[in-house]
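Note sheet for the following structure.
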Amino acid sequence: MAQNTTISSTDLLIRFLHIIIILSFTGAYLTGDAEEWHQVHMAFGYTLGISLILRILWQFFAPRLAHTQPSGVNRRFYVIKPFVQRYWTQPQQWLSPTFLKAASSSLFQLSILGVFCLLPLTVLAGFLTDYTQSHSLKEVHELFANLFLASVLLHLAALTLNSVLLKKWLAKRMFWGTESHSWFTLFTLVLSLGVLVAFWLWYFS
């Protein structure tokens with residue numbers, strides 16, 4: 001009998017891109033208002049864009065070639081929808097432990113959707129601002145960046161609450177794990193690292 005070889009939703013490349021996105025957004029946000037750091041700010045922004053493209057490509061290729069199944073939009077809504085349907089009309093349960101666990105999980109998934117919706121808008125607005133030098137576009141870029149930050153803060157708050165309620169550090173699996181990885185995952189990780197390093201070398205050459 002054939003067995004399902006899909007073994008994980010959080011593989012080595014997902015962890016790598018997760019760390020790159022964290023570092024890139026932090027760097028971009030901290031250098032956003034410093035004119036002398038403008039080139040570095042743009043490099044971080046482009047790195048965010050490249051990381052998003054790599055993440056989208058991995059969503060497509062991973063199940064077919066790496067035997068992993070990264071979480072997609074449908075899986076996020078699979079968590080959020082039942083929560084809304086169950087508790088929207090039951091406010092008397094809003095302070096129960098079960099509600100808090102479901103709410104923190106749903107907000108966590110919602111924050112991820114927010115991050116991936118706002119990330120391309122933030123990067124695109126930043127590119128157009130740099131290209132046109134438009135003050136209006138700069139304000140739009142700053143708005144998206146602040147909304148992105150709000151999604152990140154919601155992400156951290158929901159993660160912390162869920163970890164406390166479940167008495168388990170849920171962030172651990174996004175930074176390391178003990179599962180094995182296919183050769184294709186390792187190859188794609190090295191390729192992705194090469195793409196990012198090559199971009200930085202080219203950008204500052």
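The values are calculated or read from the model by the stated rules, or taken from the named source; none is laboratory data. Quick caveat: nothing in here was measured; it's all calculated off a predicted structure. Glycine also receives a Cβ, built like all others from the backbone with ideal geometry; neighbour counts cover every protein chain displayed.
Pairing residues of the stretch 148-165 that are closer than 22 Å to residue 122 by Cα and in contact (Cβ under 8 Å) with a residue 24 or more places away in the chain with residues that are among the hydroxyl-bearing types (Ser, Thr, Tyr) and assigned to a helix (DSSP H, G or I), at Cβ distances under 6 Å and at least 6 apart in sequence or on separate chains, gives 148/122; 151/111; 154/111; 155/111. Within the stretch 186-205, being assigned to a helix (DSSP H, G or I), in contact (Cβ under 8 Å) with a residue 24 or more places away in the chain and not small (Gly, Ala, Ser) holds for 186, 188, 189, 193, 195, 196, 199, 200, 203.
Yes/no per residue for (1) more than 21 Å from residue 182 (Cβ to Cβ); (2) part of a helix (DSSP H, G or I); (3) out of contact with any Phe, Trp or Tyr (no Cβ under 8 Å at 6 or more places or on another chain):
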position: 33; (1), (2), (3): yes, no, yes
position: 41; (1), (2), (3): yes, yes, yes
position: 58; (1), (2), (3): no, yes, yes
position: 63; (1), (2), (3): no, yes, yes
position: 69; (1), (2), (3): no, no, yes
position: 77; (1), (2), (3): yes, yes, yes
position: 81; (1), (2), (3): yes, yes, yes
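Taken over the stretch 117-128, the residue count meeting the criterion of being surrounded by fewer than 16 Cβ atoms within 10 Å (Cβ to Cβ) and closer than 20 Å to residue 156 by Cα is 1. How many of the residues in the stretch 86-101 are of a type in the set (A, V, I, L, M, F, W, C) and either loosely packed, with under 13 Cβ neighbours inside 10 Å or at pLDDT below 70 (or both)? Residues in the stretch 86-101 being of a type in the set (A, V, I, L, M, F, W, C) and either loosely packed, with under 13 Cβ neighbours inside 10 Å or at pLDDT below 70 (or both): 3 in total. Scanning the stretch 154-167 for residues that are more than 17 Å from the chain's Cα centre (by Cα) and surrounded by 11 or more Cβ atoms within 10 Å (Cβ to Cβ) gives 161, 162, 163, 164, 165, 166. Taking residues in the stretch 110-134 that are closer than 19 Å to residue 46 by Cβ, and partners anywhere that are part of a loop (DSSP other than H, G, I, E, B), the pairs with Cβ atoms closer than 9 Å and at least 6 places apart or on different chains are 126/32; 128/134. Considering only the stretch 164-185, I want to know if a residue exists there that is at pLDDT 90 or above, on the phi < 0 side of the Ramachandran plot and in a helix (DSSP H, G or I). There is no residue in the stretch 164-185 that is at pLDDT 90 or above, on the phi < 0 side of the Ramachandran plot and in a helix (DSSP H, G or I).
For the stretch 138-147, check the following and say yes or no: at least one residue is surrounded by 15 or more Cβ atoms within 10 Å (Cβ to Cβ) and either touching a His at 6+ places or on another chain (Cβ under 8 Å) or modelled with pLDDT under 85 (or both). No, the stretch 138-147 has no match at all.
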